[in-house]
Every structure is written in structure tokens, then in C-alpha cells.
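What follows is a single structure, written as C-alpha cells, with notes after it.
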Amino acid sequence: MAKPPRASMDQTGLNLIRIVIGSYFLALSLDLVSGLDAATLFAALMPHAAADLIGSTLLFCLSAALMAGLHLRLAALSLALLVFCSSLVQNLITVTPDSLSAFWRDLTLATAVLLTYLTLGPGALRRASVLAHRARLRRAMAQRAVNPRRITPQPAQKRPVQQEIRSALAAAKIPHRPASQDEDAPDNIFANI
């Protein structure tokens, strides 16, 4: 019998998608891939070295929290805002076709980050953490009222097993043969020493 297809994706699949999206931003913060520069958001407020350190650290922490599922809504919203604002400052100050395509790419990634938690319901959002998932007690709703009834055990009609065994052994007549002298004497294994 064929199982009907499920309408929603399994939690493991959603976790894997979130880890892939988060790993891109993690690699971006470590300068392993080219793309968004998180330092441009802070470059107007401080020197470039400090802005690069703060922007990369913030991008790294938010993407690691997204991958782990820790405070998923807050981490996803913060990461999406950081990506959107950094891309806006970096690409739309002077508009060129290349900067417009880079902004579009970053906007698409920001919406993908938002989709990592928007598809989850309240129960699935609690189970989304990869590192610290704890089972929680669910309440079962009764369909109808339960009326308890007293159960009285019926007296056993049979005798206990030990009494049956004793009576069977007593009824059995086992013939005893007299032991010969050779059988009663134990073998002395130290006789030749």
C-alpha cells in the first residue's frame, strides 16, 4: 500500500537547508568566498581595520547561530538585516549593472535566511535547534470523558505450581537400586604420588 506524499518537508531537510545557507555566510565572514563586505556598514563610523573586524565577527556569530538554530528568529532577522543593509550601502551608492546584480543576489540570500524560520510552526520552531533539542511533554486531549471503573481480580481456580510439582513427585515411584562398593568409593587421584 503506497503512502500518500506529505505536504511539508521533514525537519531534517529544513535543518540541512539552513546549514547550507548559514555556511555560505560563515565562509563569507572568513573571506573564503567573494561577495558581501560586512565592513562597509561600519566603515563610516570607524577605521577600516576595526570595521572589518566587527563586521566579520558579527557576520560569523549570526551565521553560526543560524546554523545551530539558537534563537532562530532573532538570528535570522539579524542576519537578514545585516546582509540587506551592508549590500545596500555597498552596492547602491553608485548604481551600475554589476552592483545591481550583486544587490539582487544579496537580497535573495537575505530572503532565503528569512524563509528558514517562516515555514516552521511553533512546535517545529522549538525542535529546530541542531545542538540542544530536548524532548518536551505534550498534552493529550481526551476526545470524551473518561469514567474510571474498579477492576476486581477473579480468584484463581488452580493451585500454585509448586504444590502440583510436589504432588507429582510424591506420586511417582522411583526405584532405588543399592549402590555397589565400587561406586561408593571415590577415585583417589593422589594415590600414585
If Lys and Arg each add +1 and Asp and Glu each add -1, what is the summed charge of the other residues whose beta carbon sits under 11 Å from the beta carbon of D31? -2
Cβ-defined net charge surrounding S56, 13 Å radius [Lys, Arg +1; Asp, Glu -1]: -3
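Only the coordinates and a few stated rules stand behind these numbers; no lab work does. Because the structure is predicted, anything quoted here is derived from the model rather than measured. Methodologically, a virtual Cβ is constructed for each residue, glycine included, from the backbone with ideal geometry; neighbour enumeration extends over all protein chains shown.
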